[in-house]
Structure formats: structure tokens, C-alpha cells
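In what follows, a single structure is set out as C-alpha cells and then discussed.
The values are calculated or read from the model by the stated rules, or taken from the named source; none is laboratory data. As the structure is a computational prediction, the values presented were derived from the model and not from experiment. Note that each Cβ is placed from the backbone with ideal geometry, even for glycine, and that neighbours are counted across all protein chains shown.
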Amino acid sequence: MVSAAGARRALAAGLPDFPWDRLEPAKAAAARHPDGIVDLSIGTPVDPVPDVIRAALAEASNAPGYPLTAGTVRLREAIRDWVDRWCAPGSAAFGVLPTIGSKELVAWLPTLLGIGPGDTVVIPSVCYPTYEVGVQLAGAEVVRADSLTALGPARVRMIWINSPSNPTGRVLPPAHLRKVVEWARERGAIVVSDECYLTLPWEASPVSILSVCDGVFDNVLAVHSLSKRSNLAGYRAGYISGDPALVDELLAVRKHAGMIVPGPVQAAMIAALGDETHADEQRERYARRRVLLREAFLRAGFSIEHSEAGLYLWVTRGEDSWATVDWLAERGILTAPGAFYGPAGERHVRVGLTATDERVAAAAARF
Ligand SMILES: Cc1ncc(COP(=O)(O)O)c(C=O)c1O
């Protein structure tokens, strides 16, 4: 007989260890620096939630009834307008759906779309760990690949791409996106493009996968988040857009599963999506921090690879990523080892731009 607790442990046991615990010794070492730790390891926003968004949340706080899984009419319109402006100008044929941040969606998307044992999901060779977790929760097989030609005869049901990438900051050009869409359609697979850093371009201009679809979104989904654009990681606010049939299917399942964005957060999302001023200001903050950190890491002899867009610098000293983490920790700077993001990342570390101006200046002064 399998006990209920045993069955629960079996699901958790199939998932990777939560890697951040392994960073604790480096964190303790960095904290011993006389001028204090500069934590550049986790990409969590540190700047305030813009007033316009906080006001909308407060205004909507008397929310006794159940919210709609599909989002209010006004929220759906706000998402549509944003997607139209940033991703698919002039086309109305896409579906939209709010999500409770994008991490839950990433973790449950394969399951929600009926992917399971015997199916294969392709994820980037170095990537956000939750793609793999989602495939494991669904009981499917994961393959890490950046090139379609590297894929064998496996029954691929879904392909994740992420541009600008976490952790590398790599941007996929439109021609690459087009090829992935064609490849997937020929095989009946779904392409899911995680674009949560789309609005942070530096030396390259990332484009949405929806922009290469010529108004026909079959088999294509784009994932967006307000966590970084609007400092809303604490609100849990994201959305998905693309193939209307797939979005309808997701809505149907999510309704049953209670995956509902809280009403006050829906109101806050409307305010956030309708205001580009705060997003421009936040982008400027990250741009300034990026320049300081970039110069400092180059001065210290690091190579910086990709990092053309997004919230991170992908740096290397040509050694094992844990050795670099320790070297930086001795200088009071905490970073994330590239090994967290896949075996191909084990000679790099990820440097987040999400620290205050004061802490970023402190880090830059240590080289
Ligand atoms: C590539 C990528 N996708 C999705 C997420 C999830 O973000 P959130 O759940 O805050 O929307 C993150 C968070 O860091 C990320 O880096």
C-alpha cells in the first residue's frame, strides 16, 4: 500500500533540488564584507511599486465576490492593447488570458495542455529552471536544445523559447523565431515564447514571436509578466496571448482549477498596462545599473557574453561557475552560478541588475 504522504513525496522527489540552498555558504561569505553584501543573485525587483498601480489596487480592495478567470472586460482590453502595441501590431486574431504571475503558468502549462508521459518538450540548453519542472510535473520527457536540427525523432509536443533569455540575455532574431514556428506547425507542436524581458532592450531589439506570425497565431503562445516591467513580482501578475483555440483551452481548464488572478490585482494590472511612463523610468534605472556593472566586470577581467537585453549580465572568467561565485563572494558580491540553468552554463555566472543604485555603486567600487 502507498500512503498518501508517500505519494506526495513521490511527486516532489521527482523534481530537482531547490538549488538556491546551495548558495548559502557563498551568501554567508559575502555577508562578511565590511561594506555589506551586494546581492545580485536573484532577479527580484527592489524599486517601489509605482503609485498609479498601488492606487488602483487600493481602489479595488473591496472585492468580496469571485473574480473571473478570464479577467474583467477592461483587463482583457488592456492586455489586448498592450499586446497589439508591443507584439502583434494591427492584428486582433489572438486570444488573451491573465495568469497569476508567469511562474505558475510555466510550471503547469504542459499539464494544462494535456502533455504527458511519452511526449517530449524542448527547452533551451541554458534556461529558467521552471521549464524543466513543468515538464517533470506533466510526466513528459525534457530535451535541452537550441537548434532544431539537433532534435531526433522524438514526439515533440511543445518547444519553449525565451528571448531575451534568462540567464544569458541572448536575443533570438525574427528569422530564427519564424523557423521555430514553421518547424512546430509542420509537426503539430506548440511553440511557447517566454517574453517576460521583452521590454528591456539594450544592444539588441528583441521582438515577440507574435510579430512574425503575420496575424495567424496557430500553435503559438507568448508569455508576459508585469513582475519586472512594473515591479509587480509581489502582486503575481502575468498574461498569455496567442493561438485563440489554445487560449480557450487553457481558460476552460484554469476555470475548473481555480487559477484566478485576484480582483484587486486585475485592477492593478489595468493601471500598469495603461501606463508606459513608470515602465520607461524603470528601464532607465536598469540601464544605468547595467552600465556600471558592465564596466566593473570588464575592469575585473571578466568576459561578458550575450547580455544584449534583459535583466542579467552573463559573465565568465573561464573557470567553473562555483569558483567564480566564491571569488565574487570574497568581494561581498553574490551571484548565481550558471550551473543552476543547465549543464552548458557551468562556466558562467549570472549577475542581476536588480539591486538598488547604492548597492550597485558599492559593487562597482569593489573591482
Ligand atoms: C524567464 C522567466 N520566465 C518567467 C519568470 C517568472 O516570473 P513571474 O512569475 O514573476 O512572472 C521568470 C522570473 O524570473 C523568468 O526569468
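If you go through segment 131-159 and pick out every residue that is part of a strand (DSSP E or B) and either among the aromatic types (Phe, Trp, Tyr) or more than 28 Å from LEU311 (Cβ to Cβ) (or both), you end up with 3.
Residues that are in contact with a helix residue (DSSP H, G or I) (Cβ under 7 Å, 6 or more places away or on another chain), under 22 Å from LEU200 (Cβ atoms) and either at pLDDT 95 or above or not assigned by TED's automatic domain parsing to the domain that holds PHE217 (or both): does segment 245-257 have at least one? No, because not a single residue in segment 245-257 is in contact with a helix residue (DSSP H, G or I) (Cβ under 7 Å, 6 or more places away or on another chain), under 22 Å from LEU200 (Cβ atoms) and either at pLDDT 95 or above or not assigned by TED's automatic domain parsing to the domain that holds PHE217 (or both).
Considering only residues that are among the acidic types (Asp, Glu) and closer than 14 Å to GLY274 by Cβ, which ones fall in segment 60-116? Within segment 60-116, GLU77, ASP81, ASP84 qualify. When THR149 is tested against (1) touching a helix residue (DSSP H, G or I) at 6+ places or on another chain (Cβ under 8 Å); (2) farther than 30 Å from ARG285 by Cα; (3) of a type in the set (Val, Ile, Thr), exactly one condition is not met: (1).
Of everything listed in (1) more than 16 Å from the ligand (Cβ to nearest atom); (2) in contact (Cβ under 8 Å) with a residue 40 or more places away in the chain; (3) surrounded by fewer than 17 Cβ atoms within 10 Å (Cβ to Cβ), the single unmet condition for LEU210 is (3).
Quick grid of which residues meet (1) under 15 Å from LEU109 (Cα atoms); (2) within 16 Å of the ligand (Cβ to nearest atom); (3) assigned to a loop (DSSP other than H, G, I, E, B); (4) in contact with a Pro (Cβ under 8 Å, 6 or more places away or on another chain):
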residue: ILE161; (1), (2), (3), (4): yes, yes, no, yes
residue: GLY169; (1), (2), (3), (4): no, yes, yes, no
residue: PHE217; (1), (2), (3), (4): no, no, yes, yes
residue: HIS224; (1), (2), (3), (4): yes, yes, no, no
residue: LEU251; (1), (2), (3), (4): yes, no, no, no
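If you check ARG229, ARG236 for being out of contact with any Gly (no Cβ under 8 Å at 6 or more places or on another chain), within 16 Å of the ligand (Cβ to nearest atom) and either not hydroxyl-bearing (Ser, Thr, Tyr) or not assigned by TED's automatic domain parsing to the domain that holds THR44 (or both), only one passes: ARG229.
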